[in-house]
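*Asks:* Before I ask anything, here is the structure I am working with.
The values are calculated or read from the model by the stated rules, or taken from the named source; none is laboratory data. Given the structure is predicted, the values throughout are model-derived calculations rather than measurements. Ideal geometry is used to build each Cβ from the backbone, glycine not excepted, and the neighbour counts take in all protein chains shown.
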Amino acid sequence: MDKHTWICRLRTQTQTKSCFPGSWSYSFYIESFGTKQNTSWKWNRIYPVGGRGEQGVLIFFMKKNYEKSIIECLFHQFFPEKGILSYNLCEGGIENSNFLIRTTDSSYVLKIFEWFKNHRDMVCAEVDILIDLEKAWSNVPEIFISTDGRRIIDGPDSKETILTEYIDGEKHRNEPLSDEMLFSLWHRIAVFDDDLAQLTWKYNIPETHMYDLKYIFRHPQLRINQPEYASQALLLEVWSDIDEIRSIFEELPVQIIHNDLHSSNIIFKNNEPYFIDFSDFLVSPIIQEIATSLVSWCFHHFWYPQGMTEYLRWYESVRKLTTEEKKCLFACIECRMLNIILAAYIPDSGIDNSGSHRDFLLVYYEALKRFHEFWKENFIKYIP
């Protein structure tokens, strides 16, 4: 189990105040590194999953709120002359604490890395990528330098902390975009990926993680821990599709990719897309980036299968795909959906596969089923 993922088995529960943050006090057996200890913990926010009562299971959100004095102290290391009018813990996300800070003349996002604490190489990599992309004129938030010349400062408990530009725009998470906005987005994703292709991997961190499609290839145990609601016949067919492209996929050229360009990580400002949240970035064939985007924009959040052809046309106006890359696309889309589902069934992953998150996984499973049945015989016809 990763040391930053805490799965806690509830023993007793007492209410101390009316609501979170910091409103409930629990006594837990905390499982971490295979050890157990009886302790009390005051949670910033809790998310109940699994059973109820004394045997319930909780997974807590890494993000937490901080007192104004702490936020001011951190912010003033970048802009000591500016007063804070307001600050709020941003909605969404679970791994890190992001605060929207407003001053008289501008707005900023202060990011405290809860998840990457003591993993400075991961934070440095994310910061370096943002800096390099900013130089290439990609649409990413500007990252600011402190008064003593640092982009990464020490936050609470020595947690790495950065300050970035706040992109004042909209996220289109629950409504489809117009064709004009979609075409603009897909062209911009291709330009963005082309900028990423110019960067070199220079970081002392793993080049793969469980949301990398190569993780599916290289961990056959995932075929054992499969959800009970899934059709075994369907999964066998999907695994067969994935096995067919493995040797081709692993020989494709690789580059740095964002790997998570879904609707929550793209902000539209004046109809221009800006890209945020690089925590899933890795080195992989570009067809993985395309498959991940297509799942979000055509086959999961919105069912818009005819959009795939337009996506690829706009993408190839910037970067031509090879025959081998196109051969991998169908199985890579299936692999992405399967990857999201099976990540929750990896032992000690810390990802919930019950309660409301099970409903989330079921939506992905139904999308996988629909995609496989709808496209299996016709997919190649829609690739330009």
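*Asks:* Out of curiosity, is residue 294 under 25 Å from residue 140 (Cβ atoms), touching a Gly at 6+ places or on another chain (Cβ under 9 Å) and aliphatic (A, V, I, L, M)?
*Replies:* yes
*Asks:* Another question about this same structure. Working only within the stretch 99-156, note down all residues that are hydrophobic (A, V, I, L, M, F, W, C), assigned to a strand (DSSP E or B), within 21 Å of residue 268 (Cα to Cα) and touching a residue at least 24 places away in the same chain (Cβ under 8 Å).
*Replies:* 99, 100, 101, 109, 110
*Asks:* Which is hydroxyl-bearing (Ser, Thr, Tyr) and within 18 Å of residue 287 (Cβ to Cβ), of 229, 203, 215?
*Replies:* Residue meeting the stated conditions: 215.
*Asks:* Out of the residues in the stretch 160-204 that are part of a helix (DSSP H, G or I) and of a type in the set (D, E, K, R), state the one that is surrounded by the most Cβ atoms within 10 Å (Cβ to Cβ).
*Replies:* 193
*Asks:* Also: Only one of 342, 338 is at pLDDT 90 or above, among the aliphatic types (A, V, I, L, M), in a helix (DSSP H, G or I) and crowded, with 18+ Cβ neighbours inside 10 Å; which?
*Replies:* It is 338.
*Asks:* Would you confirm whether or not the stretch 362-372 contains a residue that is assigned by TED's automatic domain parsing to the domain that holds residue 200, of a type outside the set (Lys, Arg) and either in contact with a Gly (Cβ under 9 Å, 6 or more places away or on another chain) or without any contact (Cβ under 8 Å) to a residue 12 or more places away in the chain (or both)?
*Replies:* Yes: one or more hits.
*Asks:* Identify, by number, the condition in (1) within 19 Å of the chain's Cα centre (by Cα); (2) under 24 Å from residue 314 (Cβ atoms) that residue 166 doesn't meet.
*Replies:* (2)
*Asks:* Next question, about the same structure. What is the residue count in the stretch 69-83 for residues that are out of contact with any Phe, Trp or Tyr (no Cβ under 8 Å at 6 or more places or on another chain) and part of a helix (DSSP H, G or I)?
*Replies:* Selection size over the stretch 69-83: 5.
*Asks:* Name the single residue that is surrounded by the fewest Cβ atoms within 10 Å (Cβ to Cβ) among those in the stretch 75-103 being aliphatic (A, V, I, L, M) and modelled with pLDDT of 95 or more.
*Replies:* This residue is 85.
*Asks:* Does residue 135 qualify as being modelled with pLDDT under 95, within 23 Å of the chain's Cα centre (by Cα) and not aromatic (Phe, Trp, Tyr)?
*Replies:* Here the answer is no, as residue 135 does not meet what is asked.
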